[in-house]
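No value in this document is a laboratory result; all are computed from the given coordinates. Here the structure is a predicted model, which means the values were calculated and not measured. A quick note on method: Cβ atoms are made from the backbone with ideal geometry, for glycine too, and the neighbour counts reach across all protein chains shown.
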Amino acid sequence: MKLVRYFQTSLEYFKQNLFSLIGLTKFKDEMYNNRTKFGRTQESERIVWVDMEMTGLDPETCHILEVACIITDHNLNTIAEGPNLIIHQPDNILAKMNEWCWKHHSQSGLIQASRDSKISVEEAEEQLMCFVSKYTPQGKCPLGGSSVYMDKLFLLKYMPTFANFLHYRIIDVSTIKELARRWYAIEGPKKVLRHRALDDIKESINELKYYRRYLFR
C-alpha cells in the first residue's frame with residue numbers, strides 16, 4: 001500500500017508541476033494576455049471579495065451586522081480595500097440570535113458596535129456600490145469568499161442592487177478547500193477565525209493563494 005501511495009503521490013506531483021517541467025509557464029502568461037483580444041480586460045478579471053457577519057444563516061429571518069469588501073486582480077493582488085461597514089440593528093433583532101452567534105459576536109464586540117452604529121443596510125449598500133463600480137465593470141466580476149454562497153443569499157435579500165452588479169458566478173474558496181482535502185490530502189492554512197468581516201476576507205484571499213501555490217501551478 002505504501003508503494004501504491006508513493007506512485008500516486010508522484011503522479012500528482014508530476015501533474016501539478018507539468019507546466020514548469022515542460023517550460024510552459026511563459027505560455028500560460030501569454031494565453032492570459034491574449035484574452036484581451038476576445039473582449040476580456042484586466043478589469044473584468046478582477047474578483048470582488050465580500051464577507052458578512054449576520055445574526056444567523058436564514059436570510060428570511062436573519063439580518064446583516066457587518067459587511068466588508070476587497071477587490072483583487074486575477075492573481076489575488078489587492079487592487080483596493082473597500083469599506084468595512086457595521087450596520088445598525090435594534091435590540092429586538094439582536095435578541096433573536098442563536099447561542100453561537102450571541103457568543104462569538106459578543107466576544108468580537110460586534111453586537112455592541114451594531115447597537116452603536118448609525119449606518120442602515122441601505123446606506124451600506126450605497127457605499128459598497130460606490131466602491132465596486134469605481135474598480136469593476138458591471139456584470140463582469142465574480143463574487144469571492146469562503147462559503148460565499150451564503151453571503152450572496154443575504155446580498156440578494158438585503159442588497160439586491162449590489163448583488164446584481166456582480167457576475168452571476170462565484171469563486172468559493174470553501175469548495176477548493178474540500179476538493180484539496182479529498183483529492184490531494186492537503187489541509188489548508190490554519191485560520192484565526194476572528195468572525196469579523198474584513199479579517200475573514202483577508203484569510204480567504206490568503207487561503208486561495210495557498211491553494212494556487214500548491215495546486216494550480
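Structure above, values below:
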{"item": "Charged-residue dipole, Cβ positions (Lys, Arg, Asp, Glu), segment 45-215 about Cα centre, Debye nearest 20", "result": "620 debye"}
{"item": "Virtual spin-label span in nm between GLN127 and GLN42, 7 Å along Cα→Cβ", "result": "2.9 nm"}
{"item": "Highest-first arrangement of 193-204, 95-106, 122-133, where packing means the average Cβ count within 10 Å", "result": "193-204, 122-133, 95-106"}
{"item": "Cut-off under 5 Å, modelled amide H: who pairs with ASP51 long-range", "result": "ALA68"}
{"item": "Of PHE131, VAL67, VAL48, farthest towards positive along the dipole that unit charges on Lys, Arg, Asp, Glu beta carbons give segment 45-215", "result": "VAL48"}
{"item": "Exposure proxy ranking, count of Cβ atoms within 10 Å, fewest first, for TYR168, TYR135", "result": "TYR168, TYR135"}
{"item": "Neighbour-count order for MET150, MET52, fewest beta carbons within 10 angstrom listed first", "result": "MET150, MET52"}
{"item": "Label-point separation, ASN98 to LYS190 (7 Å along Cα→Cβ), nm", "result": "2.7 nm"}
{"item": "Phi to ³J(HN,Hα) by Karplus 6.51 cos²θ - 1.76 cosθ + 1.60 over segment 79-93, Hz, x for Gly, Pro", "result": "8, 7, 9, x, x, 10, 10, 9, 9, 5, 10, x, 4, 5, 7"}
{"item": "Qualifying aspartates and glutamates (Cα of each under 16 Å from Cα of LYS202; at least 8 residues distant if same chain)", "result": "ASP51, GLU53, GLU66, ASP73, GLU81, ASP151, ASP172"}
{"item": "Residues with amide H under 5 Å from that of GLY145, placed H, sequence gap 5 or more", "result": "ILE171, VAL173"}
{"item": "Cα extents of segment 45-215 along the three principal axes, largest first (Å)", "result": "46, 35, 24"}
{"item": "Computed lengthening from ALA80 to LEU215, 0.36 nm per intervening residue step minus Cα-Cα distance", "result": "46.0 nm"}
{"item": "Relative contact order, percent, segment 80-189 [alpha-carbon distance under 8 Å, six or more residues apart]", "result": "24 percent"}
{"item": "Full-stretch length increase - GLN138, LYS157 - with 0.36 nm per residue and alpha-carbon distance subtracted", "result": "4.9 nm"}
